[in-house]
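Notes to accompany the following structure.
The values are calculated or read from the model by the stated rules, or taken from the named source; none is laboratory data. Keep in mind that this is a model prediction, so the values were computed, not measured. Glycine gets a Cβ as well: all are built from the backbone with ideal geometry, and neighbour counts include every protein chain shown. Only protein heavy atoms, including side chains, enter the accessible area calculation; ligands, DNA and RNA are left aside. Shrake-Rupley method; radii C 1.70, N 1.55, O 1.52, S 1.80 Å.
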Amino acid sequence: MEANKSILVIGGGIAGIQASLDLASRGMKVYLVEKTPSIGGRMSQLDKTFPTMDCSMCILAPKMIECFRHPNITLLTYSEVKEVKGSAGNFRVKILKKPRFVDLEKCTGCGECAQHCPVEVPNEFDMGLGVRKAIYVPFPQAVPLKYTIDDENCIKCRLCQRMCKAGSIDYDQQPETIDLNVGAIVVATGFELFDARTRSEYGYGKYQNVLTSLEFERLLSASGPTGGHLLRLSDGRIPRRIAFIQCVGSRSLKGGVSYCSSACCVYATKEGILIREHNPECEVYVFYNDLKVFGKGFQEFVNRAKDEWGVKYVRALPGEVVEDPKTGDLTIWYEDTTENVTKNMKADIVVLCPALVPRVASKELAGILGLELDEFGFMKSKDPLFAPVDTNRPGIYICGYCQGPKDIPESVAQASGSAARAAEVIIVATGKEAH
Amino acid sequence: MLQVEKGGAKETEQRAVLKITDMDPKFKYEISKIPGGEKIMLCFQCGTCTSDCPVARFSGAYRPRQIIRMTQLGLKKRVLESESLWLCASCFTCTDRCPQDVKVADIIRVLKNLAVKEGYVPPVFKVLASSILDTGYAYRIPEMRIKKREELGLPSLPKGNPQSLAKLTERIGFKKLLEAKSE
Ligand SMILES: Cc1cc2nc3c(=O)[nH]c(=O)nc-3n(C[C@H](O)[C@H](O)[C@H](O)COP(=O)(O)OP(=O)(O)OC[C@H]3O[C@@H](n4cnc5c(N)ncnc54)[C@H](O)[C@@H]3O)c2cc1C
Ligand code: SF4
Ligand code: SF4
Ligand code: SF4
Ligand code: SF4
């Protein structure tokens, strides 16, 4: 049965991409469903990646393009899963393909339309630090490199239609429902950031120079809102001291999550090294409660940050950040717990490392899939020890951050694991290895 | 032995050698059974409370995180006889900000109550307490002030009612506590 040879992968971050590529190269037919206009996920937003300090996009883009080109992979971007019926070996799935108002076949990705579009809105890819037009690609390396009209903000001026030489603008596009028959499903819907505004003592959302780590990652990035120049947003000044505050909402029993988000101590170290690389004059302080750097090569990475790059670590969870409204400078109050002394420090930028939490919408998806969630909203493993990528439903597997806190190497490993489990379903159903 | 200088700056010297015999492993359980003290074990020593405490910003002798730690370690005598306990202004900033939901200000109240039971009351509090018992006021209003009021034609201050206060403090055992432990 042909239908049983196909697999649905939900979420086009690094985990979903890896699972799709693994399955496709084993001869399985993959439908990769991604909610946003492009695959890539969080990794596409990163500047460099720990612990190797590779350029994130440089190592991700080839995988994204391979997904696009692979004859066994069908990309369904700007799409969402609406209904799942049936069971392992034979799931019947309904997918909603949202209208892009741009014909994917015709659009050449030239960008003429966006150049003339008069509407500017905050750019999600830059975490709202930069702007995009109402007709847009999320980022220059987007896959597919096709434009999308953001219906909410478009004022229907039709300028883009007049400018598009390929004639690809189609305001009459309607939502489309696609019916699929798949043998197995892999879920890889990733994470979002804890709302740092709720820790009002740190002033996020109130003080312009208090940023989240992901915003700061965009600020460091050559493709970011400042073109990779490390500047302060309030006055464009070159910062002389930047401080990180760890565990904002993580490992907290009050108004946060009790687990360790597991990537932040290492990525703060990474961002610290990047700052020193950008500007050796700029001091970096990391305020931490416990440095949780448990992965392979991570402690060495921190040691190098200290010894070779001069990143300074202070064992303290600061109590508050206060802004000088005249200068935009920030003062951090903390107790240096190794000295037992209450101190304050001035900084030009404060970077908060918020807890990484499951996407709010993953609850709805879990309902559609009939999956159990754990107390935090992560997709629940069938058995945390022996079946971490299995779920309560046979034939549905999970990987990446939606299963629990992890970094990229772990997401990739788990993606391969879930792909192997999904492939088993197909092999059993068809009675042979697919080719 | 642990060198403790009552209430002085020495309190903050953390490098002192702790002897296992100075620690009472049951102390933290004792505290956690008293209302307000339940979450003492959740403290992970992050320092948020101290960095936010308005008293700690002015007094090097006062460190709420350290008080919690000493309590966890069971340094009962050291905690209870520490005068710094009494510097807490009960503003609850620490409780508000503690990420582990430790009710720091409540724990300090629990400790103060225990300290009184054990007979550790700083002299200044005894002066205040006896003033309340004698006059009905925590603050003894000087004769000078009363005269001045008369001169300015201000109404005289209401009289305290030490008799009924005495009855009350007797009932709740406050008076006995003070008397029994007075040196
Ligand atoms: C600031 C920061 C820096 C980091 N730096 C590093 C680093 O240097 N090295 C490292 O190893 N790790 C790093 N990490 C961690 C890393 O980002 C994650 O481990 C990794 O991105 C997880 O990948 P994922 O595919 O599981 O999730 P995501 O990247 O979140 O991808 C999930 C994808 O699923 C899509 N999706 C969500 N819901 C749905 C749905 N219902 N239907 C369809 N699609 C959906 C999303 O749009 C997204 O494309 C960092 C994290 C942060 C916050
Ligand atoms: S029609 Fe909409 S997307 Fe096109 S140019 Fe006008 S505002 Fe922009
Ligand atoms: S990785 Fe570090 S910063 Fe992140 S939650 Fe864990 S301990 Fe806190
Ligand atoms: S803020 Fe809470 S967890 Fe942190 S040191 Fe104080 S009592 Fe402990
Ligand atoms: S309640 Fe006491 S310990 Fe807590 S912040 Fe206020 S003065 Fe400091």
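Which residues, counting only those in the stretch A:128-172, are part of a strand (DSSP E or B), under 17 Å from A:Ser38 (Cβ atoms) and open to solvent by 40 Å² or more (accessible area, probe 1.4 Å)? Hit for the stretch A:128-172 is A:Lys133, nothing else.
For the stretch B:33-84, please list each of the helices (runs of 4 or more DSSP H) lying entirely inside it that holds at least 3 residues being within 8 Å of chain A (Cβ to nearest Cβ) and at pLDDT 95 or above. Lay out the reasoning, then the answer.
Numbers: elements: B:48-52, B:64-73, B:76-80.
The helices (runs of 4 or more DSSP H) meeting that bar are B:48-52.
May I ask you to list the residues in the stretch B:85-105 that are open to solvent by 60 Å² or more (accessible area, probe 1.4 Å) and within 11 Å of chain A (Cβ to nearest Cβ)? Correct list: B:Asp96, B:Lys103. Going by the conditions given, is A:Ile39 open to solvent by 50 Å² or more (accessible area, probe 1.4 Å), assigned by TED's automatic domain parsing to the domain that holds A:Ala419, in contact (Cβ under 8 Å) with a residue 60 or more places away in the chain and not in a strand (DSSP E or B)? Answer is no for this residue. The set of residues in the stretch A:286-312 being within 14 Å of another protein chain (Cβ to nearest Cβ) and open to solvent by 20 Å² or more (accessible area, probe 1.4 Å) consists of A:Tyr288, A:Asp290, A:Leu291, A:Lys292.
Name the single residue that is farthest from the other protein chains (Cβ to nearest Cβ) among those in the stretch A:376-435 being among the charged types (D, E, K, R) and within 11 Å of ligand 1 (Cβ to nearest atom).
Restricting attention to the stretch A:376-435, the residues satisfying the condition of being among the charged types (D, E, K, R) are A:380, A:382-383, A:390, A:393, A:406-407, A:410, A:421, A:424, A:432-433.
Among the residues that remain, those that are also within 11 Å of ligand 1 (Cβ to nearest atom) are: A:406-407, A:410.
Working: A:Lys406: 23, A:Asp407: 23, A:Glu410: 25 Å.
Going through the qualifying residues, I end up with A:Glu410.
Within the stretch B:131-139, does at least one residue satisfy the condition of being more than 16 Å from ligand 2 (Cβ to nearest atom), aromatic (Phe, Trp, Tyr) and more than 13 Å from the chain's Cα centre (by Cα)? Within the stretch B:131-139, one or more residues are more than 16 Å from ligand 2 (Cβ to nearest atom), aromatic (Phe, Trp, Tyr) and more than 13 Å from the chain's Cα centre (by Cα). Under 27 Å from B:Asn161 (Cα atoms), more than 14 Å from every other protein chain (Cβ to nearest Cβ) and either at pLDDT 90 or above or within 16 Å of ligand 5 (Cβ to nearest atom) (or both): is that true of B:Lys117 in this structure? So B:Lys117 fails the test.
Checking each residue in the stretch A:364-395 for being of a type in the set (A, V, I, L, M) and in contact (Cβ under 8 Å) with a residue 12 or more places away in the chain picks out A:Leu365, A:Ala366, A:Ile368, A:Leu369, A:Leu371, A:Leu373, A:Met379, A:Val389. Residues that are part of a loop (DSSP other than H, G, I, E, B) and modelled with pLDDT under 95 within the stretch A:360-383 comprise A:Val360, A:Ala361, listed in sequence order. In the stretch A:75-91, the residues that are at positive phi form Cβ pairs under 8 Å with partners that are of a type in the set (Ser, Thr, Tyr), at six or more places apart or across chains, as follows: A:Tyr78/A:Thr36; A:Tyr78/A:Thr148. Only a single criterion out of (1) surrounded by 18 or more Cβ atoms within 10 Å (Cβ to Cβ); (2) within 14 Å of another protein chain (Cβ to nearest Cβ); (3) touching a Ser or Thr at 6+ places or on another chain (Cβ under 8 Å); (4) within 24 Å of A:Lys206 (Cβ to Cβ) is not satisfied by A:Val351, namely (2).
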